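Notes for the one structure printed next.
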Amino acid sequence: MKLIKPEYLIKPEPAVLAGAVERLYDEVFGPARFHKASYLFREGVDPVRELSWTALEGDRLVGAIRYWPILVGETGHPALLLGPLAIAQDRAGKGIGRALMFKTLDLAAQLGHDLVLLVGDVDYYKRFGFVPATPHGFVMPGESRPDRLQVAPLKDDVLGRIAGEVRHVHSGLPAIAVAKAARRAPRRARAR
């Protein structure tokens, strides 16, 4: 656990805060978040527990970050999909997102992960080592803004060696095919 400032504490997401994290994501991103291509890779998948972290101001949740397992390319190389990173709107600009990013990327590397992808603002994420992914051969099927797909290597030899289409972790299929099947399943059986 790390104190950001005297009023903020970042720590692993306890199960009891899962509902509060979802509400924070709803507040920050709205219901349209479920229609983004990156959400298709989360259908029926649990976030990586060790990389799900929160920021608290007293008892109030003011930030959250999660990572999801994915596969990349024909060989099915295991990787991580970061997101969402959300900060309470009235706490933006306080360094909370920066602290969550640095902590979890460092932890992901310690846990042996070597590649992280995300869809987001290039200018914001470049400070954490992310670069545009498309020039390195990465493709996210269904992503309407491929210029926002970014990659961060957590080991030196990853870029140039690993590339390809991002795939759903459970089937190795493109996420669109998995999402269609999952949407036919009862709502309560699917993970957010």
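The rows are residues; the columns are (1) modelled with pLDDT of 90 or more; (2) of a type in the set (K, R); (3) over 19 Å from the mean Cα position of the chain (by Cα).
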| site | (1), (2), (3) |
| --- | --- |
| T134 | yes, no, no |
| F138 | yes, no, no |
| Q150 | yes, no, no |
| K155 | yes, yes, no |
| G172 | no, no, no |
| A175 | no, no, no |
| V178 | no, no, no |
Looking at K36, K126, K103, which is the one that is open to solvent by 30 Å² or more (accessible area, probe 1.4 Å) and closer than 20 Å to A18 by Cα?
-> K103
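Can you name every residue in the range 69-84 that is in contact with a helix residue (DSSP H, G or I) (Cβ under 9 Å, 6 or more places away or on another chain) and either more than 16 Å from V151 (Cβ to Cβ) or part of a loop (DSSP other than H, G, I, E, B) (or both)? Write out each step before concluding.
Of the residues in the range 69-84, the ones in contact with a helix residue (DSSP H, G or I) (Cβ under 9 Å, 6 or more places away or on another chain) are 70, 80-84.
Residue satisfying the conditions is P84 alone.
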Search result, residues across the range 134-153 that are over 18 Å from R66 (Cα atoms), touching a helix residue (DSSP H, G or I) at 6+ places or on another chain (Cβ under 8 Å) and hydrophobic (A, V, I, L, M, F, W, C) = V139, M140
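With R167, R188, R184 as the choices, which residue is at pLDDT 90 or above and more than 22 Å from L107 (Cβ to Cβ)? Give the steps one after another, and end with the answer.
On the way: R188 fails: at pLDDT 90 or above; R184 fails: at pLDDT 90 or above.
Result of the check over R167, R188, R184: R167.
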Among the residues of the range 6-30, how many are in contact (Cβ under 8 Å) with a residue 40 or more places away in the chain, open to solvent by 40 Å² or more (accessible area, probe 1.4 Å) and in a helix (DSSP H, G or I)?
-> 3
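Between E57, E13, E43, E7, which is at pLDDT below 90 and under 25 Å from D106 (Cα atoms)? I'd like the intermediate steps shown before the answer.
Details: E57 fails: at pLDDT below 90; E13 fails: at pLDDT below 90; E43 fails: under 25 Å from D106 (Cα atoms).
None of the others qualify; the one that does is E7.
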Any idea how many residues of the range 59-78 are open to solvent by 10 Å² or more (accessible area, probe 1.4 Å) and not charged (D, E, K, R)?
-> 7
List pairs: first in the range 64-80 and in contact (Cβ under 8 Å) with a residue 24 or more places away in the chain and within 24 Å of A15 (Cα to Cα), second part of a strand (DSSP E or B) and among the charged types (D, E, K, R), Cβ under 7 Å, 6+ apart or cross-chain?
-> I70/R167
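For the range 107-116, what are the residues that are part of a helix (DSSP H, G or I) and either in contact with a Leu (Cβ under 7 Å, 6 or more places away or on another chain) or under 17 Å from P84 (Cα atoms) (or both)? Show your work before the answer.
Kept after step one, since they are part of a helix (DSSP H, G or I), are these residues of the range 107-116: 107-110.
Listed by number, the residues that qualify are L107, A108, A109.
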Do the conditions hold for F102, that is, is it within 16 Å of the chain's Cα centre (by Cα) and free of Cβ contacts under 8 Å to residues at least 24 places away in the same chain?
-> no
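The values are calculated or read from the model by the stated rules, or taken from the named source; none is laboratory data. No experiment lies behind these values; they were computed from the predicted model shown. Glycine also receives a Cβ, built like all others from the backbone with ideal geometry; neighbour counts cover every protein chain displayed. Just the protein is used for accessible areas: all its heavy atoms, side chains included, with ligands, DNA and RNA removed. Shrake-Rupley method; radii C 1.70, N 1.55, O 1.52, S 1.80 Å.
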